[in-house]
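The values are calculated or read from the model by the stated rules, or taken from the named source; none is laboratory data. All of these numbers come straight from a predicted model, not from anything done at the bench. Backbone-built Cβ (ideal geometry, glycine too); neighbour counts: all protein chains shown.
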C-alpha cells in the first residue's frame, strides 16, 4: 500500500518498530499465523487487518477520544478485547497500540457483570469483539459506562481484509510514544481479593533479538493471562511462525502440534507439563518415542507460573535430556524475574537468580518477601492510588507477596503471603514446603496444600492429592485405599517435622479436578469449599466422602518423636491435650 500522510504511519512505539521490522523480514511467507479457530494468515494480511481495524475505531469512536495527531488521549487510552481467537486478539492488540492505546484482554467466558467492573474501572472507550463474542460484547457495552462524554461501544474485529501488496508502512518519528506509558492491562489477583488492573508499560513486550529463520512456536494459553498474551504477541515481534490452539484444546492437541510441525520453542506451566506427561504415558512405546523426538526440537523447557513437582521434573529430564529452566515471575513484574536451570537433582522450588536487567532483593536480607525492580513491571493499578503506593517499597521495588530464602547466592521459593502460610496453633507452616515433600513421594503426581479454618487451631494443614496413574490402578484393583493419610504422614515424616504434616487429606479420583485459574494456579478458597465442604470452619463431626481427618492435635506417640518436630514451641502439657 502507498503510505500517505503522517496519520497513515505508525507512531514511534518501540514495540511497533520491532513489529514492522519483523513483518518486513518475514514478508511473502504464507501462511505465517496458524489459528485453529479458522484463520491461516500472512503478515501482509495481518497488516491489512490492523490498518482497517484502526480506521474502523476512528470512525466509530467520537472525535473527542483522539488527539490532534489521531491517537487516544492520555486520560482514556484503554480498549477492552473480547475474543476466542488468537488471531483476532493479535489484530485487536496491534490496532489498539497503533492508536496509542492499551488493550485489556477479557476471558471469553467472562460474565457481563464482571466485564462491566473492568470496563467501568478502566473507563474503556470500546470493546473490540471477536466473531462469536459480539453479542456478549453488546450486552457488556449496554450496562457499562465509558469515558465521561461518551458511552462504551462494541466494535467487531476485522479479519477479512485484502492483503497489502507490500509492507511499506513506516514509523512517524515525530509522534513519539512514552515507553513507560500504558501498553497492556491485565486484571490480576484472581485467587484472592478483588481484581486489580495492572497497567504494564509499552516497553513490556519489546523482545530482542530477532529469532533465527524457520522458528516455530505454539500458543495454548488465553490472552487475558499475561503468559497467553506474550505467547501471541512475541512471535509477531521476533519473527516466529505461530500455531494457536483453540480454547481448552487439551494436551493431546498440544502433542499433535509438536508431532506434525517443527516447533522450536514455547513455554509451559507445571500443570500443562504434568498433563502432557500423563497423556504421553497412555501411548504405546513407539508413539511415545515419536512424540518425544518431535518435542526435543524445542531445545529448552521453560516452565513458569508455579513450582514444578519433583516427579514431573524427573520425568521430563529423564525422557528428553533437555535443559529445564524453572522461571519465577508474575503479572505485575511484567512476566519474568528469576530463573534456575534444574538438572533433576535439585529441589524443584529453586528459582535461581535474576534475569539480566532485572533487580531482585529479599525484604529481610537473606530471607523474606521477594521484591523486584524491572523496566517491564507495572506502572500502577488502574484507578487505585492507594494500592499502587502500597505495592512498592521506598526504593521503587515491587513487593510481590511471595517469600524466598537466599542460599549460596540463589533464591529458594518458600511461599506466598497469607495464602501459602498455614497458621496452625503456634506454628507457621510454609505450604510450598509441604507440597514439595508430597510431590517428591513416588506415588504422588500433584498436590495442593492449604490452611482450612479451624476453631481450635486457627488453621489445620490440609492437602488435596493426585496419585500417579499406576497408583490409581492399584487403588482400584485392590478396592481399598492403599495410600491413605496415615501412609502419607509416615512417608512425609522422613523429610518434614511433625507439625508440618497434613491432618486433613482429599485424594482425587481419576478425572477429578480441583478449582484452578486459567494459569493452573489453585483457587484455594474454592478448594476448601469443594473438597472439604467447609463454609466457615472445619468440624471434626464433618463427614465428607473421600476426606480423612487426623485430628488437630498429634497422637500421644507422635508428640515428642524426635528433636524439633514441633520447633520447641509445644506446651508443657502437650501429651495431656492429645
Taking region 343-370 and keeping only residues that are touching a helix residue (DSSP H, G or I) at 6+ places or on another chain (Cβ under 6 Å) and buried (at least 17 other Cβ atoms within 10 Å of the Cβ), one is left with 348, 349
How many residues are farther than 19 Å from residue 9 by Cα, touching a helix residue (DSSP H, G or I) at 6+ places or on another chain (Cβ under 6 Å) and part of a loop (DSSP other than H, G, I, E, B) if we restrict to region 45-92? 1
Would you be able to tell me the number of residues in region 30-44 that are under 20 Å from residue 214 (Cβ atoms), in a loop (DSSP other than H, G, I, E, B) and either under 29 Å from the mean Cα position of the chain (by Cα) or touching a residue at least 40 places away in the same chain (Cβ under 8 Å) (or both)? 3
Under 7 Å by Cβ, and 6 or more places apart or on different chains, what pairs join a residue from region 154-180 that is in contact (Cβ under 8 Å) with a residue 40 or more places away in the chain and assigned by TED's automatic domain parsing to the domain that holds residue 84 with one that is part of a strand (DSSP E or B) and surrounded by fewer than 17 Cβ atoms within 10 Å (Cβ to Cβ)? 171/12; 172/12; 173/12; 175/12; 176/12; 177/12
Just a yes or no: is a residue in region 272-294 part of a helix (DSSP H, G or I) and crowded, with 22+ Cβ neighbours inside 10 Å? yes
Looking only at region 25-47, which residues are modelled with pLDDT under 95 and farther than 14 Å from residue 159 by Cβ? 25, 26, 27, 28, 29, 30, 32
Among 246, 221, which is in a loop (DSSP other than H, G, I, E, B), within 15 Å of residue 33 (Cβ to Cβ) and either modelled with pLDDT of 95 or more or not assigned by TED's automatic domain parsing to the domain that holds residue 201 (or both)? 246
Within region 371-383, restricting attention to residues that are out of contact with any helix residue (DSSP H, G or I) (no Cβ under 6 Å at 6 or more places or on another chain) and either at pLDDT below 90 or outside any loop (DSSP other than H, G, I, E, B) (or both), which residue is nearest to residue 339 (Cα to Cα)? 372
Could you pull out the residue among 95, 137, 141 that is touching a strand residue (DSSP E or B) at 6+ places or on another chain (Cβ under 8 Å) and either closer than 22 Å to residue 181 by Cβ or in a strand (DSSP E or B) (or both)? 95
If we keep only residues of region 295-305 that are out of contact with any strand residue (DSSP E or B) (no Cβ under 6 Å at 6 or more places or on another chain) and surrounded by fewer than 19 Cβ atoms within 10 Å (Cβ to Cβ), then the residue farthest from residue 347 (Cα to Cα) is 297
Do we find a residue being touching a strand residue (DSSP E or B) at 6+ places or on another chain (Cβ under 8 Å), closer than 18 Å to residue 489 by Cα and crowded, with 20+ Cβ neighbours inside 10 Å anywhere in region 417-428? yes
Could you list, in sequence order, the residues of region 322-355 that are within 26 Å of residue 443 (Cβ to Cβ) and outside any strand (DSSP E or B)? 322, 343, 344, 345, 346, 347, 348, 349
Of all the residues that make up region 497-513, how many are modelled with pLDDT under 90 and either within 21 Å of residue 428 (Cα to Cα) or surrounded by 17 or more Cβ atoms within 10 Å (Cβ to Cβ) (or both)? 3
Checklist (1) part of a helix (DSSP H, G or I); (2) in contact with a strand residue (DSSP E or B) (Cβ under 7 Å, 6 or more places away or on another chain) applied to residue 319, failing item: (2)
